[in-house]
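Data first, discussion second: the structure below is written as structure tokens.
The values are calculated or read from the model by the stated rules, or taken from the named source; none is laboratory data. Since the model is a prediction, treat every value here as computed from it, not as a measurement. As a convention, Cβ positions derive from the backbone with ideal geometry for all residues, glycine included, and neighbour counts pool all protein chains shown.
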């Protein structure tokens, strides 16, 4: 997506100078964030300051009267982008996922908290096998959020992430390296699972599932800043599941599990596609909002 233009700082209503103290900057940011209706404006203000300056959170508390210095211009520019509606994660180029600090870029979907439901479902399915040398496949790896989270919890597992976007794959590789997982993870550019050989013990995916005609009505943070490739699921939003289900059935180990994310109201239709491809023991898992967010299953009954 094309980044939105940054408004003039005067229009943003923020006047930060090198002599402005950390405490004053935080208060001004929180006031403006609150006026714009952002959730937890104090936290957003602190995150923006600590990330852009950069500082540790303790520095804001221990030395609140220290001046911003040369960081003032960077803070003001970042704040102006946030005032214009750009997600804080996009402004900072970082996102926390499963307590991991991940880099993000315009080339990859910004991972959302509801996607952690896949990690929860997978860890529950492999609760008795977490120490085994499992093989994990992440189709549509994006930023690498899922494969990184899973490998962080499965100490003997190895992972393969595939994405059709060169840019997304580069972000995923950077996150794998930053988290010390390069020895256990490989990131490739490809078209879903074409050309891959199994079997894999665990296959996960967070594919595009927004109906093409609904993209204009998606919440602005996703519509304006996430790549279209990561959103558009075709006319009924289910194109990706039709492509994924036969490949999952081909690649999944007999004792393995698959889990993919679905949009609100899509669980039944996505499960039917999986069933038609020969996948069994189908189940769903709800996210914290109570939405059926994940469909999972196996290749054969245990």
### Summary
Restricting segment 159-174 to residues that are within 12 Å of residue 108 (Cα to Cα) and in contact (Cβ under 8 Å) with a residue 60 or more places away in the chain, the one surrounded by the most Cβ atoms within 10 Å (Cβ to Cβ) turns out to be 172
### Query
Which number in (1) surrounded by fewer than 19 Cβ atoms within 10 Å (Cβ to Cβ); (2) outside any helix (DSSP H, G or I) marks the one condition that residue 297 misses?
(1)
#### Entry: So residue 286, is it surrounded by fewer than 19 Cβ atoms within 10 Å (Cβ to Cβ), within 19 Å of residue 142 (Cα to Cα) and assigned by TED's automatic domain parsing to the domain that holds residue 131
no
### Criterion (within 30 Å of residue 35 (Cβ to Cβ), assigned by TED's automatic domain parsing to the domain that holds residue 293 and part of a helix (DSSP H, G or I)) met by exactly one of 114, 120
114
### Message
So the check is Cβ under 6 Å with 6+ separation or different chains; which pairs have a first residue in segment 250-275 that's closer than 17 Å to residue 211 by Cβ and a second one that's modelled with pLDDT under 95 and surrounded by fewer than 22 Cβ atoms within 10 Å (Cβ to Cβ)?
### Response
none
#### Entry: Matching entry among 278, 290 (being free of Cβ contacts under 8 Å to residues at least 12 places away in the same chain and either part of a loop (DSSP other than H, G, I, E, B) or farther than 16 Å from residue 203 by Cβ (or both))
290
### Query
Looking at segment 182-189, is at least one residue more than 27 Å from residue 246 (Cα to Cα), out of contact with any strand residue (DSSP E or B) (no Cβ under 7 Å at 6 or more places or on another chain), part of a loop (DSSP other than H, G, I, E, B) and free of Cβ contacts under 8 Å to residues at least 60 places away in the same chain?
yes
### segment 29-71, subset assigned to a helix (DSSP H, G or I) and out of contact with any helix residue (DSSP H, G or I) (no Cβ under 8 Å at 6 or more places or on another chain), residue surrounded by the most Cβ atoms within 10 Å (Cβ to Cβ)
43
### Residue satisfying all of: in segment 193-227; within 17 Å of the chain's Cα centre (by Cα) and in a loop (DSSP other than H, G, I, E, B); nearest to residue 129 (Cα to Cα) among these
206
### Query
For segment 228-249, does any single residue satisfy the condition of being assigned to a strand (DSSP E or B), more than 23 Å from the chain's Cα centre (by Cα) and surrounded by fewer than 20 Cβ atoms within 10 Å (Cβ to Cβ)?
no
